[in-house]
Structures are given as C-alpha cells and as structure tokens.
Amino acid sequence: MARRDVKLSFIIPNLILSERLRYQIAISLVKGIGPKLARNLVAYVGNEQDVFAQSTRALAKIPGIGAGLASTIKSADVLARADRELDFISKHDISTLYFTDNNYPTRLSFCDDAPILLYTKGTHDLNQRKVIGIVGTRKASEDARLNCERLVEGLAQRHPDTLVVSGLAYGVDVCAHRAALKQGLPTLGVLAHGLDRIYPPLHRNIAKEMLVNGGLITEFMSVTQPDRPNFVRRNRIVAGLVDALVMVESPIKGGAIITARIAQSYSRDVLAFPGKANEELAKGGNYLIKKNIAALIEDVEDLEYALGWEGTTGVVTQQRTLFPSFKNEDEEKLYMILREHKELTANELCVKSGLPVSKVSASMLALEFAGLVKCLPGNAFKFIP
C-alpha cells in the first residue's frame, strides 16, 4: 500500500500539470486573442481552466471578448487541438514556458506583446546573465560573415557567459549560430514555425548541434508552416530575449531592420556595422546609424562600451551586493524604493518612481543581474537584503 501511495504522489501532480498545460495551450490557440488580451482574460477570470468553464454569455461580457470570441473559446475544436499538441510535446520531450512560470524569460516578460506560451527544446538558459542577438540579411557578403565571426570570437574570449540568439535563417543568422558553436558559446534559434520541422531544411544538422549547447524556441505549435507573417512575429521574440541586438548587414528593407526597430521599441541597445555608401547590403546598417536607431559597432569593444560591460568575465561579488554601485540615477532610485517596500510590481515601481515602463524594465533587469533584486512571477520584484 505504501508503494502505491508513493507512485500516486508522482502521478497526480503530473496529471494536474498536464491538465493545466492543456488549457494554457488552448488559450494560445484562440484566433483573435493576442498576448495582451489573453493575459487580461486569465487575470479577469482567475485561471486558465476557468476560462473554458465559463458560459458563452459570461465570456461575452468580459472586456475585449464579445460574442464572437466567446463562441470560439467554447468551440470543442480548440481543446481537441490542444490535446493533440499536448501529445506531441510529450512524445518529443519538448518543454513549455507559460507567461506566469518562474523560468519564463525575464527580459521577454517586460514586453507587452510577449507570447503567453513558448515551446522550447535544448539545454539553454533563457535568463543567462548576458544575451546578445545577431541578425542580418540572408544574402550575407564575405565581409559580413567575417564581422559576425570576429564579434562572436571576441564575445567568447571576453564574455564566455554570453548566449547568442538569432533566427536560424540563411546568411547572417546561421553564421552567428555556427560561430557560437565553434567558439563554445551557447546559441539559441528562434523559429517561425513549430518544433516538428526545421526551416530551412539545410540547417537540420546545425539545429541538432544547438540542442547540445543552446537550443530552439518558438511560439508556434506543431504543423505550423513557416509562412511570411510568422517571421515578423518571430523577430519580436529575438528582440525581446536580448540585452542588445547587433545588425551585421542588411538592405534598407528586410527582417533585420524590422527586428532592430522592434528592439528599439523595447528599449534594447541596437548596434550596426557600417558599410560603403554605394553598396545595397550596407544601406540598412548605415540607415540605422544615421537615424540614431543604432550605435556604430566595429568590434566587441564597441559592444562593451555601449552596454557598460567590463572586458573581463568576473563574477558579481558579495562586496558589490553590500555596497552597490549603479550605472545611473534611475537604477539607484528604483533600488531605494524597493529596499523601502521590500516587494513591488513593475507597475507600482512606475507609479512610485515616476519613470516610464521602458526605463523601469531596463533598470530592474540590470539590478537583477547585479544580484540586488529578485524577479517574481507576475512582473513583481523583491529586494535582496
């Protein structure tokens, strides 16, 4: 009898987790409900399962839902598709990250349009102390490849705790992944489709290597095709996961430029390699620099200067925790407020400090990496004595 109880103690929590995940997946499936509305819906009702337990009439009265979305939520197709996806991720050892999970990427959680659910595979740490995104054109020149490789090599030598993020596309993306693997840095590929495939297929082997030191991540479930709109949605995840985004080379129009603009909107540092004025593939980087969207970068030292990184890999010491130093007045102001109140949400910090969300997000992330505060579920922060 005792043995049976022990077995049940493991089985029951797993069943509860699977049931909860079923409804998390189902919410992400409802067409017409984006990340913001999904968050509001769950907060309004109480939890994911209760959303589907509501009557159609009750759902229709919830702000932002209405009769049409209410009917879609109550459709049996949504839960049936969620069940198929639950079976798929179970069979293929895929992990999920829900927006309220403790291990949901901290940087991404500050973005209003962050996915409510992510599917991941690999050995990556999405909350790595340093995360750099590297993007660019699919038709990269030899100079672009060399710049990308030199930058990654510099990161490996001076900041071996850096996670390199890109989109696993042709050109600059795959160059960044390959360079990271060669230098022993973890590297993460953000996909525009489900984890049942690799696009382009030519990159299957490197994707397998990335699973050993890094991994793959997507907001799309299995059977999702790599359609054009999905790449734009993918780009916002690349921008949201990183401390800074480096644009290696791009024409004036393209996915890399879109990603750079999104990164700027998230208050991320954007850097771009310059190029010759008459070269088509240099126009994107030159444009970003000319419009003050991106800082000019030529080597890893420029990246260090932009981010305030020291050129060594030192560990945050206890002395720094006891006698903290701050990069700017915003960090010090927020630190003192949190020290007084012990625990506050990001919104409360905005109100008490008078600072905009973008500055609070960036400052609290820096304080967390310095070991001065702890990020809690629900965009809350706790003071570390």
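The values are calculated or read from the model by the stated rules, or taken from the named source; none is laboratory data. This one's a predicted model, so the numbers in the text were calculated from it and none came from an experiment. Every residue, glycine among them, receives a Cβ derived from its backbone with ideal geometry; neighbour counts consider all protein chains shown. In case anyone asks, the SASA skips ligands and DNA or RNA and just uses the protein heavy atoms, side chains included. Shrake-Rupley method; radii C 1.70, N 1.55, O 1.52, S 1.80 Å.
Structure values in brief
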| read-out | value |
| --- | --- |
| Residue among 192, 179, 207 that is of a type in the set (A, V, I, L, M, F, W, C) and either over 20 Å from the mean Cα position of the chain (by Cα) or open to solvent by 10 Å² or more (accessible area, probe 1.4 Å) (or both) | 179 |
| All positions within region 82-98 that are in a loop (DSSP other than H, G, I, E, B) and either without any contact (Cβ under 8 Å) to a residue 24 or more places away in the chain or on the phi < 0 side of the Ramachandran plot (or both) | 92, 94 |
| Count of region 40-64 residues which are farther than 22 Å from residue 18 by Cβ and either under 27 Å from the mean Cα position of the chain (by Cα) or outside any loop (DSSP other than H, G, I, E, B) (or both) | 9 |
| Residue 141 being open to solvent by less than 10 Å² (accessible area, probe 1.4 Å) and touching a Gly at 6+ places or on another chain (Cβ under 9 Å) | no |
| Residues of region 269-287 satisfying the condition of being closer than 11 Å to residue 246 by Cβ and in a helix (DSSP H, G or I) | 285 |
| Pair list, Cβ < 8 Å and 6+ apart or interchain, from region 108-133 residues that are more than 15 Å from residue 190 (Cβ to Cβ) to residues that are open to solvent by less than 10 Å² (accessible area, probe 1.4 Å) and aromatic (Phe, Trp, Tyr) | 116/98 |
| Residues of region 338-368 classified as surrounded by fewer than 17 Cβ atoms within 10 Å (Cβ to Cβ), in a helix (DSSP H, G or I) and over 22 Å from the mean Cα position of the chain (by Cα), total | 5 |
| Only one of 298, 310 that is modelled with pLDDT of 85 or more, in contact with a helix residue (DSSP H, G or I) (Cβ under 9 Å, 6 or more places away or on another chain), open to solvent by 80 Å² or more (accessible area, probe 1.4 Å) and farther than 20 Å from residue 255 by Cα | 298 |
| Lone qualifier among 26, 58, 114 - being modelled with pLDDT of 90 or more, among the aliphatic types (A, V, I, L, M) and surrounded by fewer than 18 Cβ atoms within 10 Å (Cβ to Cβ) | 58 |
| Top-ranked residue of region 210-231 - restricted to ones that are of a type in the set (A, V, I, L, M) and in contact with a Ser or Thr (Cβ under 9 Å, 6 or more places away or on another chain), ranked as surrounded by the fewest Cβ atoms within 10 Å (Cβ to Cβ) | 212 |
| So residue 101, is it part of a loop (DSSP other than H, G, I, E, B) and farther than 23 Å from residue 265 by Cβ | yes |
| In region 369-385, residue surrounded by the most Cβ atoms within 10 Å (Cβ to Cβ) [restricted to those that are in a strand (DSSP E or B) and touching a helix residue (DSSP H, G or I) at 6+ places or on another chain (Cβ under 9 Å)] | 381 |
| Count of residues meeting criterion [under 23 Å from residue 227 (Cα atoms) and charged (D, E, K, R)] in region 180-212 | 4 |
| Scope region 232-254; condition open to solvent by less than 40 Å² (accessible area, probe 1.4 Å) and assigned to a loop (DSSP other than H, G, I, E, B); matching residues | 242, 243, 248, 249, 250, 251, 254 |
| Residues within region 72-91 that are open to solvent by 70 Å² or more (accessible area, probe 1.4 Å), modelled with pLDDT of 90 or more and not basic (Lys, Arg), tallied | 2 |
| Filter result for residue 269 (open to solvent by 60 Å² or more (accessible area, probe 1.4 Å) and within 19 Å of residue 106 (Cα to Cα)) | yes |
| Pairs, first among the aliphatic types (A, V, I, L, M) in region 207-225, second in a helix (DSSP H, G or I) and crowded, with 22+ Cβ neighbours inside 10 Å, C-beta under 6 Å, six or more apart | 221/85 |
